[in-house]
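These notes concern the structure reproduced below.
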């Protein structure tokens, strides 16, 4: 058991996104809804931008045109 | 590993309250980036065989994460400690490969609140998404080995998506089965973006 006096790290072999969705019985419409939100809020661009410039934790919603501060 | 268990499923036993949402989203994002399958009691409908199904779900997971940082209040919340007890029973089984991890907001508190676990280390996240990501990367590794910045980028984007999902579902909480599934779908898609950006 890993929650022990000397906790170890559990190393897993990653599942594919499809395997993850199948395990949770994520429906096609839910996948579609997720993709729509990513596209509408340009979240993919936000992820790339943050990774390129970690201090820019700010994304703009294309729907509202407003900025969301996402720094914590 | 228990019969039928999945080497990548991770059971999340966490408080379902508004104050914990950002930490929950960070954990879901982290698991998606690592290539794990986040599993939750949210997947189990409230029927009379709920406890059996919960036990079956936990047994099917390679590991479980139990946050006992928000159990106090009136009435006190017994679900998290109860599920931790179930996981301990599964994990301490002779042939089990189920590992369980305890998360806390404050250091050394679990020694007072759950002295049966004395000698076991709780992982302290400080109640922040960044802390939760750091803890998650301490306890789970994958051949992808993403850094905290990559997980953090996905977590930030996922928290924005969560607002939209709550609005769509007219819900003031992300702790709903449909929103949980959408979070995982979004998290896996954003993980591909984040991991692609690394290449």
**Prompt:** So, in Å, what gap is there between the alpha-carbon centers of the range B:171-199 and the range A:17-38?
**Reply:** 9 Å
**Request:** For n ≥ 4 DSSP H runs only, could you compute -39500 (n - 2.57) per run for chain B, divide by its residues and tell me the 222 nm figure to the nearest 500?
**Result:** -15500 deg cm²/dmol
**Request:** Within a 10 angstrom radius of each residue's Cβ in B:140-148, how many Cβ atoms of other chains show up on average? Whole number is fine.
**Result:** 3
**Shielding by partners - mean other protein chain Cβ count within 10 Å, residues of A:24-37** = 6
**Shielding of B:171-181 by partner chains, average beta-carbon count, 10 Å** = 2
**Request:** Kindly state, to the nearest 0.05, the FRET efficiency for residue B:138 paired with residue B:48, given R0 = 30 Å and r defined as their beta-carbon distance.
**Result:** 0.20
**Request:** Based on other C-beta atoms within 10 Å, arrange B:166, A:9, B:37 from fewest to most.
**Result:** A:9, B:166, B:37
**Prompt:** When the Cα atoms of the protein assembly as shown are enclosed in a convex hull and the volume is divided per residue, what value in Å³ results?
**Reply:** 130 Å³
**Request:** Starting from the Cα of residue B:169, step 7 Å along the direction of its Cβ; do the same at residue B:192; then give the gap between the two resulting points in nm.
**Result:** 2.3 nm
**Request:** Please work out how much length the chain gains when fully extended from residue B:96 to residue B:121, using 0.36 nm per residue of separation minus the C-alpha to C-alpha distance, in nm with one decimal.
**Result:** 7.0 nm
**Fill in**
the range B:110-186: Kirkwood hydrodynamic radius (Cα pairs, Å) comes out at 14.7 Å
**Request:** Could you list B:63, A:24 in order of exposure, starting from the residue whose Cβ has the fewest other Cβ atoms within 10 Å?
**Result:** A:24, B:63
**Message:** Below 8 Å, C-alpha to C-alpha, sequence gap of six or more: please give me the relative contact order for chain B in percent.
**Reply:** 29 percent
**Request:** Could you list B:58, B:80 in order of exposure, starting from the residue whose Cβ has the fewest other Cβ atoms within 10 Å?
**Result:** B:80, B:58
**Item:** Cα long-axis angle, helix B:50-59 against chain B (0 to 90 degrees, to the nearest 10)
**Value:** 80 degrees
**Request:** Using per-residue counts of other Cβ atoms within 10 Å, averaged over each peptide, order B:50-56, B:22-28, A:40-46 from highest down.
**Result:** B:22-28, A:40-46, B:50-56
**Message:** If you restrict to DSSP beta bridges whose two residues both lie in chain B, what percentage is antiparallel, to the nearest 5?
**Reply:** 0 percent
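Any read-out appearing in this document is the output of simple, stated calculations on the displayed coordinates, not a laboratory observation. In this text, all values refer to a predicted model and were calculated from it rather than measured experimentally. Glycine also receives a Cβ, built like all others from the backbone with ideal geometry; neighbour counts cover every protein chain displayed.
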